[in-house]
Amino acid sequence: MRLGMTIAEAEQVLGTSFKPKDINFADECWVTQRADGKDEAVYYEIRNGKIVVITVMPDLAKDSITKIADTRGLGVGATEADIRKAYGTVKVGFAPGFSRESEIEAAKERRRLGVKLREPLPSPEYWVEVESPNHERAIIYNTRDRKVLWFRTGFKPEVTARESCS
């Protein structure tokens, strides 16, 4: 599989078709998976008939595990140190929904309301971004506690967008 493939090219390589589009998706932009049910953790973002983003996101609620990895052998469970070792320079920032300011404001609001947590909040998540030398593509590793939870690769700016076209 390669970014930029047409739907027909990708389906030929996969040996299966993609699932039909959900009624809520537009023809020019939609997210899909393999119709045969294999590699359930892999999602393909299609824009104008071509694959622009490939996301590997196992269902954490089901404790599903995937061995799918990038071209350097990194996948779910890899560490931020593994990413730096494999790629060198990376950009690190809070994942969508996390920021220092939002964490501080949420803690203030809990104190104001007298809310005491029974369990500790999960650690914040981060996006570790590796950019291609020509700056046209990137890989985003979503991490918590310095371990990869899921990752995506694609053309910029699509891969670095906070939301997919869905």
- [ ] Kindly list the residues of region 135-154 that lie in the label zone of Lys67, defined by a backbone N under 16 Å from the point 7 Å along the Cα-to-C-beta vector.
- [x] none
Task: Relative contact order for region 1-146, counting Cα pairs under 8 Å that sit 6 or more residues apart, in percent - done: 15 percent
Open item on the list: Which one, Trp127, Trp30, Trp150, has the greatest fluctuation when you compute a Gaussian network model over the chain with C-alpha springs under 10 angstrom?
Closed with: Trp30
Open item on the list: Taking a virtual spin label 7 Å from the Cα of Glu136 along the C-beta vector, which residues in region 1-30 bring their backbone nitrogen under 15 Å of it?
Closed with: 2-6
TODO: Identify, among Ser123, Asn48, Asn24, the residue whose Cα sits farthest towards the positive end of the charge dipole of region 1-150, taking +1 on the Cβ of Lys and Arg and -1 on the Cβ of Asp and Glu, with the dipole about the Cα centre.
DONE: Ser123
Task: Distance between modelled label sites at Lys116 and Asn24, nm, 7 Å Cα→Cβ extension - done: 3.9 nm
Open item on the list: Show me the GluC sites (Glu not before Pro) within region 1-93 that DSSP assigns to loop and that have at most 16 other Cβ atoms within 10 Å of their Cβ.
Closed with: Glu28, Glu40
TODO: Under a 10 Å cutoff between Cα atoms, tell me which one of Pro120, Pro58, Pro96 has the largest fluctuation in the Gaussian network model of the chain.
DONE: Pro120
Open item on the list: Taking the Cα centre as origin and putting +1 on Lys and Arg beta-carbons and -1 on Asp and Glu beta-carbons, what dipole magnitude results for the chain, to the nearest 20 debye?
Closed with: 580 debye
Open item on the list: For region 72-127, which trypsin sites (Lys or Arg not before Pro) pass both filters: DSSP loop (anything but H, G, I, E, B) and at most 13 other C-beta atoms within 10 Å?
Closed with: Lys116, Arg118
TODO: With θ set to phi - 60°, apply the Karplus curve 6.51 cos²θ - 1.76 cosθ + 1.60 along region 9-17 and write out the HN-Hα couplings as whole Hz, x wherever there is a Gly or Pro.
DONE: 4, 5, 5, 5, 5, 6, x, 7, 8
Open item on the list: Can I get the semi-axes of region 67-166's equivalent ellipsoid? Compute them from the C-alpha gyration tensor as square roots of 5 times the eigenvalues, in angstrom, largest first.
Closed with: 30, 16, 11
Task: GNM result for the chain, Cα springs below 10 Å: residue of Tyr43, Tyr141, Tyr87 fluctuating most strongly - done: Tyr87
Open item on the list: With viscosity set to 0.890 mPa s at 25 °C, what whole-number translational diffusion coefficient in µm²/s follows for region 1-103 from Stokes-Einstein and a Kirkwood radius over Cα pairs?
Closed with: 155 µm²/s
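No lab work stands behind these numbers, since they all come straight from the coordinates. These figures come from a predicted structure and were not determined experimentally. In this analysis, Cβ positions are derived from the backbone assuming ideal geometry, glycine residues included, and neighbour counts consider all displayed protein chains.
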